[in-house]
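See structure below.
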Amino acid sequence: MSEKKSVSHKGTIVEISEGNIRVEIINKSMCAACHAKGFCSAGDTKDKIIDVAYFNNGEYQLGDEVEVTMKRSMGFKAVWISYVIPLAILLIFLLTLQGLGFGELHAGLAAAVAVCVYYLVVYLFRDKIADKFVFTIAKNNI
């Protein structure tokens, strides 16, 4: 039994610009079988827009149904950046500060601030992080 190496979603092209195609995810049925469906935001809403870098704009047109694909390993990387690392920061700060004798309130506030700082750093480096997440598209053969 071979394991799938990518995650894909069906969508419709809503905008084409120089070097970029915007795809609206329209089908969540593929998410039902995915083991990461609880963590993935691509299947959360009907209006999820995905930006795909593409440089041959003549092949695609507005309204085309396409399949947006991302390597499964990139999905796991997103889960780590979004959930696992912040949780680890929260727990480390909370337990360490309580162990050093800080009260629960101060330790909790400091841990929350540490997580906020982490998310601020992620936000400031969002363009650099986004470059690591590469989506590809292909026309649906219906």
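Rule-based calculations on the coordinates, nothing more; no lab input. These figures come from a predicted structure and were not determined experimentally. Every residue, glycine as well, gets a Cβ built from its backbone with ideal geometry; the counts of neighbours run over all protein chains shown.
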Can you compute the modelled spin-label distance between residue 109 and residue 85, with each label point 7 Å from Cα toward Cβ, in nm?
2.7
Efficiency by 1/(1 + (r/R0)^6): what FRET value for residue 64 and residue 133, r their Cβ-Cβ distance, R0 = 25 Å, to the nearest 0.05?
0.65
Inter-site label distance for residue 140 and residue 100 at 7 Å from Cα along Cβ, in nm:
5.5
What's the magnitude of the charge dipole for the range 55-142 around its Cα centre, counting Lys and Arg as +1 and Asp and Glu as -1 at the beta-carbon? Answer in Debye, nearest 20.
260
Hey, rough spin-label estimate for residue 124 and residue 74, points 7 angstrom out along Cα→Cβ, what's it come to in nanometres?
2.6
Amide H of residue 48 versus every other amide H placed in the peptide plane: which residues, excluding those fewer than 5 positions away on the same chain, fall under 5 Å?
25
With residue 67 itself left out, Lys, Arg at +1 and Asp, Glu at -1 over residues whose Cβ is under 11 Å from its Cβ give 0
